[in-house]
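These notes are about the structure you will find just below.
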Amino acid sequence: MADGSLDMNRIQDMMKKKVHFAESSTEDETSIEAEENIPNQEREMKIGSANKEYFLTINPSDELAFPNVEHESTVTIRLTSNTTNTVAFKVKTTSPAKYRVRPSIGIIRPENSATVFVTLMSGFSLSSLASDKFLVIAAEVENENISGSELSEMWQSAPKEKLMHHKIRCCTMADSNLFKNDLNIKSPVASSNLTEKVDKLLLQNIEIKGQVKRLQNTVYTIVLFQLFVVVLGVVVWQYDFLQEILSSKFTADSCLNPNVR
């Protein structure tokens, strides 16, 4: 009897452990505990498309490890197409208020890659990362120029067997299994430093593009202002010139006809 009660309690605990991803209005709730116990190879077969192809390579595939810092930090998810078809993707999270994801949706052309920047906002405790997860959803599309409305309709109507779902758990680098247990990586610190440098370069590139855009807008504003000043100066000059001509004509008329005042 005691064993039966214990089994019932375990079943109830598993039923409670549901994960809700942001904007997941049409997705079924998924039991994370049940799926996390499945080996990676079996999980890939389960998540694949109708013909069992895993058409995206996701790096990192299991853990999204954030630096052990209290301020805002950014890591990346690399999505690489393994198919000759165009792939549409979207990235969702269980804690949308905590993370900024850019881009959260997109298109990957055949055998190309896309980088998703995931920023952990400041003000959140690192200890809470263990309960956070990201979900990458992907589907093959025939038209690489698909519109936003068509893409939204596709996500709503696509059969589940045509979609690829892949979950990535969040953690700190100190808690990451990758850095603790992967014996094939001889220098996790060096690898981490290299990845961090690449991420910084990509972020600097984005920041430089933003600065160039702001500079272009500033130059455009200055040019418009100068043009306005020139036009205003011409109008004022013409007005003064016209006033001088009228004044001269009035003076001449007064000389010719003294009775005219």
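The values are calculated or read from the model by the stated rules, or taken from the named source; none is laboratory data. In this text, all values refer to a predicted model and were calculated from it rather than measured experimentally. Neighbour counts are summed over all protein chains in view; Cβ atoms, including those assigned to glycine, are modelled from backbone coordinates with ideal geometry. Please note that ligands, DNA and RNA were not included when accessible areas were found on the heavy atoms of the full protein model with its side chains. Shrake-Rupley method; radii C 1.70, N 1.55, O 1.52, S 1.80 Å.
Of note:
- Region 63-117 - residue that is within 19 Å of residue 152 (Cβ to Cβ) and charged (D, E, K, R) and, of those, least open to solvent (accessible area, probe 1.4 Å): 92
- Among (1) farther than 23 Å from residue 175 by Cα; (2) at pLDDT below 95 - the single one residue 115 does not satisfy: (2)
- Within region 142-157, being of a type in the set (D, E, K, R), open to solvent by 80 Å² or more (accessible area, probe 1.4 Å) and under 15 Å from residue 109 (Cα atoms) holds for one residue alone: 142.
- Only one of the numbered conditions (1) out of contact with any Lys or Arg (no Cβ under 6 Å at 6 or more places or on another chain); (2) within 22 Å of residue 162 (Cα to Cα); (3) at pLDDT 60 or above is violated by residue 21, and that is (1).
- Scanning region 139-178 for residues that are at pLDDT below 85 and touching a strand residue (DSSP E or B) at 6+ places or on another chain (Cβ under 7 Å), we see that the one that is nearest to residue 64 (Cα to Cα) is 176.
- Each residue in region 90-100 was checked for being outside any loop (DSSP other than H, G, I, E, B) and under 12 Å from residue 132 (Cβ atoms), and 3 of them qualify.
- Residue in region 103-120 that is at negative phi, aromatic (Phe, Trp, Tyr) and free of Cβ contacts under 8 Å to residues at least 40 places away in the same chain present: no
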